[in-house]
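The values are calculated or read from the model by the stated rules, or taken from the named source; none is laboratory data. Owing to the predicted nature of the structure, the values given are computational and were not obtained by experimental measurement. We place every Cβ from the backbone using ideal geometry, glycine too, and count neighbours over all the protein chains shown.
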Amino acid sequence: MKTILNIDHLEKRFPTSVKGASFSFFKPREYHWLHAVDDVSFDIKEGESVGLVGESGCGKSTLGRVITRLADCTEGRIWFDGHQIESIAPGAFAQNKLRAGIQMVFQDSTTSLNPRFTVKEIISEPLKLLLYIRNASELEQRVEKLADQVGLPRELLSRYPHQLSGGQKARVNIARALAPKPKLVILDEPTAALDVSVQATILKLLDHLRRELGVSFLFISHDLNLVRLLCDRVIVMYLGKIVESGTVIDVFNTSRHPYTRELISTIPKLGEKAAGVAVSGEPQSPIDPKLGVCRFYGRCPKGADICAYSQPNLLKISESHKVACHFA
Amino acid sequence: MSAIPLLSIENFSVEFRTRHGVVHALENVNLNVGHQEIVGIVGESGSGKSVLSLALMRILDPAGRITSGKAVFGGLDLVSAKEEDLAEIRGRELTMIFQNPRSALNPIRKVGQQLRDVLLRHTTTIHEQLRSRAMECLSMVRIADPERRMDAYPAELSGGQCQRVMIAMALAAKPSLLIADEPTTGLDVTTQAVVVDLIRDLVKTNHMSAIFITHDLALASQICDRIAVMHAGHIVEIAATEELFSSPRHPYTRQLINAMPHHCSHVSELGAIPGNLPDLRADTLPPCRFSMRCSSHVEACDLAPLPLSFINTHHQVACRFPL
């Protein structure tokens, strides 16, 4: 299978406050840096569905935004479909022909839809701007076909977002992302605001669309259960770093990183009383993290002295399975 | 469960008057909460879970009205009680944890001050002890370094810590009933596990009762002794937690369980619930509000009123043809 997206040592840091109390015109300002994404490498193959899981604040949404070129990366390379795209400025990328290839479904299906556009206008916007379809009847046809694909009744096309239910809004978001025939869709918690019953239909729809259209998915979520059902491979992030990656079976059945194990054990099980929680405390601060300290140190049940002076690298333990832990 | 329940809700109905007609948000809800019992209320959004909790606290929106029923809490009927009496109970005997801790806390008062307000209003703590009592409350909810956190504003705390502060405020006066309205939505899975663990521990060690409202069946199953399933303003099934999952009798409960991703190994196994909640503004709703979505619906379902009836001592279901 062809690799559609390749990410190589990607870093995204945000400057926060200025270091030191006094300002000087002669010295360059030094900042405290928030390391949102820190030395992340992975790739996605054609038609593959990859899950990205982690707590909020671990950098998974930032990574999604950097890949979609909505934000610049600080260092590293992004290869998409044979083109190096990280050097194209976010503004210029909007005009690039590759723009149509990477699309995103945003987290909040309500605020990501323009309240003054009808559903039809929302879905036809990317068709006009990215595929240059200006013919009204062709636009109409395309929009109706997309609505059918995502199971949106055609009579809703003339409605405004506030007149739709949560599930319908999620469908509009998916239709808009699929409109320019992308090769990679980044889904940022598409079902976070939905009920279980609606979530089930949306998940089925997403799985069906992926198989039918052959697009690749990067599915960002904090719900491991959804990732398990929808994805071929899983990447677990903690404080900007990948701690474990592998196939769904690798990660769910034979996880080797204590953080992944903890995540899996905290999934509530149906009809079972919860086991005790092993991970306590808050994560370390992502601002100026100490070099050479494992990011999970302090919260890790296995933490030993070595974790405090040597940061574990992401190492292969089998063909598909990688773990970053001294005790893996 | 002792013979007299702590809270007994009988034929409880709530209506909302809106510009587009009267919304029958709750109809003839019957539910008992025993001493030292955690009762879960689960259902889709819009099923009336939060309306029930707000109506019990009598803090409904002015458009909402309790049209019938009783809710007897420790001998006092919350529906007919005077506002002065309610003010004495709220925050002291009957407390609530809200959905979004960030918006429920006052953003411009320090966490410690807000806790002291609660202690001052609802307990007999003397002024000199307020700070140390507030700190005890914070350490009770396992906030690290309570001394420092006392002087933090809510914006300086993480979501999980804010929710802990809310829990500390709700439990400061040692209430007998705690209503937790989706206390973990918006929190991470790891934080969610910790918060749920904390609520269960504190409720059990303080010999309190709790109503735990959530849309996540799996989460409810971890903490609750009994679970009531709501659909469109009706309680359709009440059962002990284990029994509800091992033998659900209402078709809606069965479908809800099947829609959970937990037991599936592939997406195709996920069961989706067809249709939507009925429009609660309609003048004549069928006696079973699930009938439009139910696969085993027959004509008899639309005729006589449908009460919640006992199948065995721990299991009630509102269905003419239970599974």
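Tabulated values for the structure
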{"read-out": "The listed residue being over 30 Å from A:His208 (Cα atoms) and crowded, with 22+ Cβ neighbours inside 10 Å, out of B:Arg200, B:Arg249, B:Arg226", "value": "B:Arg226"}
{"read-out": "Condition met for A:Gly276 (at pLDDT below 80 and among the small types (Gly, Ala, Ser))", "value": "yes"}
{"read-out": "A:Asp81 being closer than 22 Å to A:Ser216 by Cα, away from chain B (no Cβ under 14 Å) and either surrounded by fewer than 15 Cβ atoms within 10 Å (Cβ to Cβ) or not aliphatic (A, V, I, L, M) (or both)", "value": "yes"}
{"read-out": "From the options A:Val234, A:Val185, A:Val143, residue that is closer than 30 Å to A:Gly298 by Cβ and outside any loop (DSSP other than H, G, I, E, B)", "value": "A:Val234"}
{"read-out": "Any chance B:Ala239 is surrounded by 24 or more Cβ atoms within 10 Å (Cβ to Cβ) and away from chain A (no Cβ under 12 Å)", "value": "no"}
{"read-out": "Single residue of B:Ala170, B:Ala180 found to be out of contact with any helix residue (DSSP H, G or I) (no Cβ under 7 Å at 6 or more places or on another chain) and of a type outside the set (Val, Ile, Thr)", "value": "B:Ala170"}
{"read-out": "Among the candidates A:Asp108, A:Asp148, residue that is among the acidic types (Asp, Glu) and either more than 24 Å from A:Leu206 (Cβ to Cβ) or surrounded by fewer than 13 Cβ atoms within 10 Å (Cβ to Cβ) (or both)", "value": "A:Asp148"}
{"read-out": "Helices (runs of 4 or more DSSP H) contained entirely in the stretch B:81-126, each with at least 2 residues that are farther than 24 Å from B:Ile143 by Cα and of a type in the set (A, V, I, L, M, F, W, C)", "value": "B:83-89"}
{"read-out": "Residue under evaluation A:Glu155, criteria (1) away from chain B (no Cβ under 14 Å); (2) closer than 30 Å to A:Gly292 by Cα; (3) out of contact with any strand residue (DSSP E or B) (no Cβ under 7 Å at 6 or more places or on another chain); (4) without any contact (Cβ under 8 Å) to a residue 12 or more places away in the chain, criterion not met", "value": "(2)"}
{"read-out": "From the options B:Val118, B:Val141, residue that is touching a helix residue (DSSP H, G or I) at 6+ places or on another chain (Cβ under 9 Å), away from chain A (no Cβ under 14 Å), aliphatic (A, V, I, L, M) and crowded, with 18+ Cβ neighbours inside 10 Å", "value": "B:Val118"}
{"read-out": "Residues of the stretch A:94-105 that turn out to be surrounded by fewer than 18 Cβ atoms within 10 Å (Cβ to Cβ) and not aliphatic (A, V, I, L, M), as a count", "value": "3"}
{"read-out": "The stretch A:196-231, residues that are surrounded by fewer than 21 Cβ atoms within 10 Å (Cβ to Cβ) and more than 12 Å from chain B (Cβ to nearest Cβ)", "value": "A:Glu212, A:Leu213, A:Gly214"}
{"read-out": "Elements of type strands (runs of 3 or more DSSP E) in the stretch A:15-106, at least 1 residues being among the hydroxyl-bearing types (Ser, Thr, Tyr)", "value": "A:31-45, A:49-53"}
{"read-out": "Residue within the stretch A:269-289 that is assigned to a strand (DSSP E or B), of a type in the set (A, V, I, L, M, F, W, C), within 17 Å of the chain's Cα centre (by Cα) and more than 9 Å from chain B (Cβ to nearest Cβ) present", "value": "no"}
{"read-out": "Of residues in the stretch B:166-186 being buried (at least 23 other Cβ atoms within 10 Å of the Cβ) and either polar (S, T, N, Q) or within 14 Å of chain A (Cβ to nearest Cβ) (or both), the one farthest from B:Glu93 (Cα to Cα)", "value": "B:Thr184"}
{"read-out": "Any hit, the stretch A:175-182, residues being away from chain B (no Cβ under 14 Å), in contact with a Pro (Cβ under 9 Å, 6 or more places away or on another chain), surrounded by 21 or more Cβ atoms within 10 Å (Cβ to Cβ) and part of a helix (DSSP H, G or I)", "value": "yes"}
{"read-out": "Those residues of the stretch A:86-107 which are within 14 Å of A:Arg65 (Cα to Cα) and of a type in the set (D, E, K, R), in sequence order", "value": "A:Glu86, A:Arg99"}
{"read-out": "From A:Leu157, A:Leu209, residue being under 21 Å from the mean Cα position of the chain (by Cα), aliphatic (A, V, I, L, M) and at pLDDT 90 or above", "value": "A:Leu209"}
{"read-out": "Top-ranked residue in the stretch A:249-268 [being part of a loop (DSSP other than H, G, I, E, B) and in contact with a Cys (Cβ under 9 Å, 6 or more places away or on another chain); ranked as farthest from the other protein chains (Cβ to nearest Cβ)]", "value": "A:Arg256"}
{"read-out": "Members of the stretch B:22-43 that are over 24 Å from B:Leu306 (Cα atoms) and either charged (D, E, K, R) or part of a strand (DSSP E or B) (or both)", "value": "B:Glu37, B:Ile38"}
{"read-out": "Which numbered condition A:Gly246 fails, given (1) in a loop (DSSP other than H, G, I, E, B); (2) at pLDDT 90 or above", "value": "(1)"}
{"read-out": "Residue within the stretch B:300-315 that is in a strand (DSSP E or B), surrounded by fewer than 21 Cβ atoms within 10 Å (Cβ to Cβ), at pLDDT 90 or above and not small (Gly, Ala, Ser) present", "value": "yes"}
{"read-out": "Residues located in the stretch A:288-311, provided they are closer than 14 Å to A:Pro258 by Cα and out of contact with any strand residue (DSSP E or B) (no Cβ under 8 Å at 6 or more places or on another chain)", "value": "A:Cys294, A:Tyr297, A:Gly298, A:Arg299, A:Cys300, A:Pro301, A:Lys302, A:Gly303, A:Ala304, A:Cys307"}
{"read-out": "Single residue of B:Ala168, B:Ala173, B:Ala144 found to be in a loop (DSSP other than H, G, I, E, B) and under 30 Å from B:Pro5 (Cα atoms)", "value": "B:Ala173"}
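For (1) within 14 Å of chain A (Cβ to nearest Cβ); (2) part of a loop (DSSP other than H, G, I, E, B); (3) modelled with pLDDT under 95, each residue gets a yes or a no:
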position: B:Pro5; (1), (2), (3): no, yes, yes
position: B:Phe12; (1), (2), (3): no, no, yes
position: B:Ser45; (1), (2), (3): yes, yes, yes
position: B:Leu52; (1), (2), (3): no, no, yes
position: B:Ala55; (1), (2), (3): no, no, yes
